[in-house]
1. Restricting the search to the range 316-327, which residues are touching a strand residue (DSSP E or B) at 6+ places or on another chain (Cβ under 8 Å) and touching a residue at least 60 places away in the same chain (Cβ under 8 Å)?
2. Just checking, which of 338, 321 is in a strand (DSSP E or B) and in contact with a helix residue (DSSP H, G or I) (Cβ under 7 Å, 6 or more places away or on another chain)?
3. Of 65, 33, 28, 79, which residue is over 20 Å from residue 137 (Cα atoms) and either touching a helix residue (DSSP H, G or I) at 6+ places or on another chain (Cβ under 6 Å) or modelled with pLDDT of 90 or more (or both)?
4. Is it true that some residue in the range 294-315 is in contact (Cβ under 8 Å) with a residue 12 or more places away in the chain, under 21 Å from residue 249 (Cα atoms) and out of contact with any strand residue (DSSP E or B) (no Cβ under 8 Å at 6 or more places or on another chain)?
5. Let me confirm something: among 102, 69, which residue is in contact with a strand residue (DSSP E or B) (Cβ under 9 Å, 6 or more places away or on another chain), exposed (fewer than 13 other Cβ atoms within 10 Å of the Cβ) and closer than 22 Å to residue 3 by Cα?
6. Answer yes or no: is there a residue in the range 248-261 that is in contact (Cβ under 8 Å) with a residue 40 or more places away in the chain, crowded, with 17+ Cβ neighbours inside 10 Å and outside any helix (DSSP H, G or I).
7. Of everything in the range 332-344 that's surrounded by fewer than 18 Cβ atoms within 10 Å (Cβ to Cβ) and under 50 Å from the mean Cα position of the chain (by Cα), which residue is nearest to residue 280 (Cα to Cα)?
């Protein structure tokens, strides 16, 4: 509102009125010429303060892309020190940041993106100034507070949609940009209690998130504590079984060339010591299984019962071999059964590594159990702070609600304002229609309602 008037006789630039040549911000701009020109008023006041007129320019002075480029060059060189314009006309593509030291936002836009666009004029790559200033002007007791309330609500909604972070154990509940709008809104009202209330609301929200996180962690730890005895028993039994199986393997005769137990496998009741014959018998027995997802015993390997399971597609497919002693020793099978014999040996003879792995898991389980007991025993560390701030927030809210009720009671009655010309005309017509008038015939007062 209040943009510079078009000079009489100004030529219309070809394509200037074509919406296809305008940016989205320009098409949605609320710019409107008024009797009072804000731009001229600001320029006159700056000149009165001693700034040369030639160092002040309006973006509206540039009627074409060529004129706009020339104007921007003057701003970048410092020839023009002050440039006035709207968000729509000085939005995307306005690269004048080279020497910019300050941006002054005189009014409040309807979209958070527009406010970010204004800041983007100066906080931009290529600016020679390391430190810059952004001034935002608000007027106490005006529509400005509502405008910033609208921006705050929009920014919170946008942030919820646009923020796509992976779930984390801790998160910030209030968007930083939305909080900035809240602070400005509080400044507009002029009541420091409102600013304190806004800050408390955000702090209480964050503390409540942390308290809920602590409570969920306690529940999780309680589940771990409840499951600990069963898990410990299973790992202990597995460790005992592995120790027993290792003693069994140590009693087997050793092949001096391979430094491993002498090869011996029994398939379908026949014992094989030749690896080639054993691989063929192993393949025939495994491929002959017709039952899916059920272990089928086909013999033994080094004295351990040997079974094969044909896995269905739902279980991932393929075959699995298991050798059962005091503990289970499993391996996946591949197409080459000569190599599958090596897999059986690796699964069985790597028993020392498995024992160490189970020991580590058992130690970790016991350490986690002790830590879980400690967490469950500790209360939420910031509970006192949360209680105190919740109490203060409740007190402030009650005070502000009472103040609002009292202000409404004491507010002077005002005549209804007509915001649209049609409503004003209708109201004036009703006043005229209800005004008493004298009859021409008898000189008496009559009332006419139309």
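1. Just the residues of the range 316-327 that are touching a strand residue (DSSP E or B) at 6+ places or on another chain (Cβ under 8 Å), to begin with: 318-325.
Within the range 316-327, just 325 meets the criteria.
2. Details: 338 fails: in a strand (DSSP E or B).
One residue alone meets the criteria, 321.
3. Numbers: 65 fails: either touching a helix residue (DSSP H, G or I) at 6+ places or on another chain (Cβ under 6 Å) or modelled with pLDDT of 90 or more (or both); 33 fails: either touching a helix residue (DSSP H, G or I) at 6+ places or on another chain (Cβ under 6 Å) or modelled with pLDDT of 90 or more (or both); 28 fails: either touching a helix residue (DSSP H, G or I) at 6+ places or on another chain (Cβ under 6 Å) or modelled with pLDDT of 90 or more (or both).
Among 65, 33, 28, 79, only 79 is over 20 Å from residue 137 (Cα atoms) and either touching a helix residue (DSSP H, G or I) at 6+ places or on another chain (Cβ under 6 Å) or modelled with pLDDT of 90 or more (or both).
4. Yes: the range 294-315 contains one or more residues that are in contact (Cβ under 8 Å) with a residue 12 or more places away in the chain, under 21 Å from residue 249 (Cα atoms) and out of contact with any strand residue (DSSP E or B) (no Cβ under 8 Å at 6 or more places or on another chain).
5. Numbers: 69 fails: in contact with a strand residue (DSSP E or B) (Cβ under 9 Å, 6 or more places away or on another chain).
Being in contact with a strand residue (DSSP E or B) (Cβ under 9 Å, 6 or more places away or on another chain), exposed (fewer than 13 other Cβ atoms within 10 Å of the Cβ) and closer than 22 Å to residue 3 by Cα holds for just one of 102, 69, which is 102.
6. Scanning the range 248-261, I find at least one residue that is in contact (Cβ under 8 Å) with a residue 40 or more places away in the chain, crowded, with 17+ Cβ neighbours inside 10 Å and outside any helix (DSSP H, G or I), so the answer is yes.
7. Restricting attention to the range 332-344, the residues satisfying the condition of being surrounded by fewer than 18 Cβ atoms within 10 Å (Cβ to Cβ) are 332, 334-336, 338-339, 342-343.
From the residues that got through so far, the ones that are under 50 Å from the mean Cα position of the chain (by Cα) too are 332, 334-335, 343.
Numbers: 332: 18, 334: 14, 335: 12, 343: 15 Å.
Step by step, filter the range 332-344, then rank; the result is 335.
The values are calculated or read from the model by the stated rules, or taken from the named source; none is laboratory data. As the structure is a computational prediction, the values presented were derived from the model and not from experiment. Quick reminder, even Gly has a Cβ in these numbers, built from the backbone with ideal geometry, and neighbours come from all protein chains shown.
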